[in-house]
Structures are given as C-alpha cells and as structure tokens.
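Peer 1: There's a structure below that I have some questions on.
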Amino acid sequence: MDGQSCVMIMNEWDIVAARQLGRHAAKELGFGAVDQARITTAISELARNIYHYANGGKIYIDKIEEKEKKGIKITASDHGPGIPDIRKAMEDGFTTSGGLGAGLPGVKRLMDEFYIDSKTGEGTVVQVVKWLR
Amino acid sequence: MMKTSKIPILKLYNNLLISIQWELDDKTAMQFQEDLLKKIHETGATGVVIDLTSVDVIDSFIAKILGDCVNMSKLMGATVVLTGIQPAVAITLIELGIELEDIHTALDLEKGLELLKELED
Ligand SMILES: Nc1ncnc2c1ncn2[C@@H]1O[C@H](COP(=O)(O)OP(=O)(O)O)[C@@H](O)[C@H]1O
Ligand SMILES: [Mg+2]
C-alpha cells in the first residue's frame, strides 16, 4: 500500500476490512505488535461509530512522513447527525447506545494525536496519528 | 462475500470449551453469545473456557460482548475463564479503559481447565 487508502463503511464486514487494512499498513511501516494492536483497535472503534451512529462513511489510512518522523494517520469521516456535545462524548463511559462509552476517549489514549470536528446535521471527522518511534 | 460463521462449542465433562480461531466480527460475536447461553442451558455445564490465543484485536464492542457472556453465564450457574489473551490485546484493553477485574483469566486452555477445577472445589 502506498500513500492513501480508503474503506467505505457500510456494514459490519467493512469494519473488519478497515481493521485489516490498517494492520497491514502499520506492519509495513514497521510498527511493533503493541502499536499494531493500538492502531487496529482505534480503527475498529472509529469505523464502528460510523456504522452505528452515522449510517455509513469512510475511513482513510495514510502513511505520513514529516522531517525525521514517520507515522500513520487515520481519518474517519461521515455525514451523519454529528455529535451535539463533543466534550461529553469524550468522557469515559458516555454513551447514547448502551455501549461502554470507551471508544472516543480510548482512541485518544491509544494514539499520539487526536482531532475531532463535528457539526450537528452535517457530520463528524475524527483524525488520529501514531508516530513510529 | 463474507458471512456469519459459527464458533464451535465443545463439551468436555461439565465444561464447555471454545477456541476463537479467527477475527471476530460483530455478528459472529453476537451469534456466539446466544449459542453459548443455549448450550449452557442444554448441557447444564458449570464451567466455560474461552480461548483467545488467536484473537489480535478486542475493541470495546467485542469486550462488552465477552463481558456480557461472563455475566450471563454466571446467572446460569456457569463460571467463565478467558485464556490466552495476547499481551498487545491486554495493553489496548487497559488503555481503552476496560477493566477485566472480576473476570477469571488463565494462560492457556489447560491452565483454564485447572482453574475451573480449583474454583469448583
Ligand atoms: N460518528 C459519530 N456520529 C455521531 N455520533 C457519534 C459518532 N461517534 C460517536 N458518537 C457519539 O458519541 C458517543 C460516545 O462514543 P464512544 O466513545 O465511541 O462510545 P460508545 O460507542 O460506546 O457509545 C456515542 O454514544 C454517540 O452518541
Ligand atoms: Mg463507539
């Protein structure tokens, strides 16, 4: 895989496909077993949120390079209902679906960088980065 | 095209043994939960070992299903032991903020069965 790849998230099999693509890219970049698991888990959480809450969207996986650093960037983008209160959604245990509410705050801990942008009625973008050490 | 696969559940004396051999998708995991409870009901099993050696991702959704399996089995009189959790999976679970405090774990299937025996005595 070179540059960017993208997985459409429409059903639960797509979540598995996004995970596998992410793990493959992480392995190719030289991430170790624990970071591979972190990256794969983060993709799984973001893809699942797209599937559960936004009724579809996309996961982009980029290999990135910045000066001396190499890393992987995951972008989850959807045109779903958006998140009305982002601060609340980032709290451990907050869920509107009877889940564990561990997805978004967990992804933030698993990765090195975390950005979220969401507008009610327009959609949500979550972008995360893991740097190779 | 992928389809929902059934995870085999084996019975050995009073115990049920499950080895999850491939990547868990949501449907397979939910089907497994239902099958496990049915099997406990049918067989009156008092112990369950779920081996996760081949599982290399557990996200919060799968973790919730596994936790629910443990609690529901308990209600039905069966103790569950999870075995073979990979180090990388254990680390990501903790970082996600998921606690497996009340859950019995062991290194492998064999140790899991030994633990069940100890818990029964
Ligand atoms: N892509 C999204 N679109 C709309 N709402 C979302 C999205 N992702 C997360 N949310 C909201 O944020 C809450 C917290 O998400 P998360 O931390 O993944 O926990 P969980 O999925 O277990 O509820 C969700 O319950 C949902 O209300
Ligand atoms: Mg979630």
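Peer 1: Can you work out which of the residues in the stretch A:45-55 that are more than 9 Å from ligand 2 (Cβ to nearest atom) and at the interface with chain B (Cβ under 10 Å from one of its Cβ atoms) is surrounded by the fewest Cβ atoms within 10 Å (Cβ to Cβ)? Step through it out loud before you land on a result.
Peer 2: Here is the first cut: in the stretch A:45-55, the residues more than 9 Å from ligand 2 (Cβ to nearest atom) are A:47, A:50-51, A:54-55.
With at the interface with chain B (Cβ under 10 Å from one of its Cβ atoms) added as a condition, the list becomes A:47, A:51.
Working: A:47: 26, A:51: 21.
It comes out as A:51.
Peer 1: So, in the stretch A:106-122, of the ones that are in contact with a helix residue (DSSP H, G or I) (Cβ under 7 Å, 6 or more places away or on another chain) and part of a strand (DSSP E or B), which residue ends up farthest from the other protein chains (Cβ to nearest Cβ)?
Peer 2: Selected residue: A:118.
Peer 1: Within the stretch B:101-116, is there a residue that is in contact with a Lys or Arg (Cβ under 9 Å, 6 or more places away or on another chain) and modelled with pLDDT of 95 or more?
Peer 2: Taking the stretch B:101-116 first, the residues in contact with a Lys or Arg (Cβ under 9 Å, 6 or more places away or on another chain) are none.
So far as the stretch B:101-116 goes, no, none of its residues is in contact with a Lys or Arg (Cβ under 9 Å, 6 or more places away or on another chain) and modelled with pLDDT of 95 or more.
Peer 1: Just name the residue that is farthest from the chain's Cα centre (by Cα) out of those in the stretch A:15-27 that are buried (at least 20 other Cβ atoms within 10 Å of the Cβ) and within 14 Å of residue A:4 (Cβ to Cβ).
Peer 2: Ranking the candidates gives A:25 first.
Peer 1: Based on what the data block shows, is residue A:83 farther than 19 Å from residue B:64 by Cα, surrounded by fewer than 24 Cβ atoms within 10 Å (Cβ to Cβ), near ligand 1 (Cβ under 9 Å from one of its atoms) and not charged (D, E, K, R)? It would help to see each step written out before you state the result.
Peer 2: On the way: farther than 19 Å from residue B:64 by Cα: yes; surrounded by fewer than 24 Cβ atoms within 10 Å (Cβ to Cβ): yes; near ligand 1 (Cβ under 9 Å from one of its atoms): yes; not charged (D, E, K, R): yes.
Yes; evaluated as a whole, the condition is true for this residue.
Peer 1: I would also like to ask the following. If we keep just the residues of the stretch B:17-42 that are in contact (Cβ under 8 Å) with a residue 12 or more places away in the chain and among the acidic types (Asp, Glu), which is farthest from residue B:108 (Cα to Cα)? Break it down stepwise before answering.
Peer 2: Pass one, the stretch B:17-42, residues in contact (Cβ under 8 Å) with a residue 12 or more places away in the chain: B:17-33, B:35-37, B:39-41.
Imposing the further condition that a residue be among the acidic types (Asp, Glu) reduces the set to B:23, B:25-26, B:35.
Numbers: B:23: 18, B:25: 23, B:26: 24, B:35: 22 Å.
The residue in question is B:26.
Yes/no per residue for (1) modelled with pLDDT of 95 or more; (2) out of contact with any Ser or Thr (no Cβ under 8 Å at 6 or more places or on another chain); (3) acidic (Asp, Glu):
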site	(1), (2), (3)
A:73	yes, yes, no
A:81	yes, no, no
A:104	yes, yes, no
A:108	yes, yes, no
A:113	yes, yes, yes
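Peer 1: Would you pick out the residues in the stretch A:79-105 that are touching an Asp or Glu at 6+ places or on another chain (Cβ under 8 Å), more than 8 Å from ligand 2 (Cβ to nearest atom) and outside any loop (DSSP other than H, G, I, E, B)?
Peer 2: Kept after step one, since they are touching an Asp or Glu at 6+ places or on another chain (Cβ under 8 Å), are these residues of the stretch A:79-105: A:79, A:82, A:101-105.
From what's left, more than 8 Å from ligand 2 (Cβ to nearest atom): A:79, A:82, A:105.
If the condition is that a residue be touching an Asp or Glu at 6+ places or on another chain (Cβ under 8 Å), more than 8 Å from ligand 2 (Cβ to nearest atom) and outside any loop (DSSP other than H, G, I, E, B), then A:105 is the only one that fits.
Peer 1: Which pairs do you get when a residue that is more than 10 Å from chain A (Cβ to nearest Cβ) and in contact (Cβ under 8 Å) with a residue 24 or more places away in the chain, found in the stretch B:47-70, comes within reach of a residue that is within 14 Å of ligand 1 (Cβ to nearest atom) and not aliphatic (A, V, I, L, M), reach meaning Cβ atoms under 7 angstrom, with the pair 6+ apart or on two chains?
Peer 2: none
Peer 1: Looking for whichever is assigned to a loop (DSSP other than H, G, I, E, B), more than 11 Å from chain A (Cβ to nearest Cβ) and surrounded by fewer than 20 Cβ atoms within 10 Å (Cβ to Cβ) here; the options are B:100, B:37, B:17, B:119. Which one fits?
Peer 2: The unique qualifying residue is B:100.
Peer 1: Moving to a separate point now. Quick check on the stretch A:18-44: of everything there that is among the aliphatic types (A, V, I, L, M), facing chain B (nearest Cβ under 10 Å) and closer than 18 Å to residue A:129 by Cβ, which residue is nearest to ligand 1 (Cβ to nearest atom)? Step through it out loud before you land on a result.
Peer 2: Just the residues of the stretch A:18-44 that are among the aliphatic types (A, V, I, L, M), to begin with: A:18, A:21, A:25-26, A:29, A:33-34, A:37, A:39, A:42-43.
Filter once more, keeping what is facing chain B (nearest Cβ under 10 Å): A:33-34, A:37, A:39, A:42-43.
Those left that are additionally closer than 18 Å to residue A:129 by Cβ: A:34, A:37, A:39, A:42-43.
Values: A:34: 22, A:37: 18, A:39: 17, A:42: 11, A:43: 13 Å.
Per the stated criteria, the residue is A:42.
Peer 1: Examine the stretch B:45-60 for a residue that is crowded, with 19+ Cβ neighbours inside 10 Å and either polar (S, T, N, Q) or out of contact with any helix residue (DSSP H, G or I) (no Cβ under 9 Å at 6 or more places or on another chain) (or both), and state whether such a residue exists.
Peer 2: Looking for residues that are crowded, with 19+ Cβ neighbours inside 10 Å and either polar (S, T, N, Q) or out of contact with any helix residue (DSSP H, G or I) (no Cβ under 9 Å at 6 or more places or on another chain) (or both), one finds at least one in the stretch B:45-60, hence yes.
Peer 1: Still on this structure: Write out, first by first residue and then by second, each pair whose Cβ atoms fall under 8 Å of each other, whose residues are 6+ apart or on separate chains, and whose first residue, in the stretch A:76-102, is away from chain B (no Cβ under 14 Å) while the second is within 14 Å of ligand 2 (Cβ to nearest atom) and in a loop (DSSP other than H, G, I, E, B).
Peer 2: Correct list of pairs: A:88/A:94.
Peer 1: Follow-up question, since we're still on this one. Among (1) surrounded by fewer than 15 Cβ atoms within 10 Å (Cβ to Cβ); (2) within 28 Å of residue B:54 (Cβ to Cβ); (3) under 12 Å from the mean Cα position of the chain (by Cα), there is one condition residue A:30 misses while meeting the rest; what is its number?
Peer 2: For residue A:30, the failing item is (3).
The values are calculated or read from the model by the stated rules, or taken from the named source; none is laboratory data. Bear in mind that the values here come from a model prediction, so they are computed numbers and not experimental data. For neighbour counting, all protein chains shown are included, and Cβ atoms are generated from backbone atoms with ideal geometry for every residue, glycine included.
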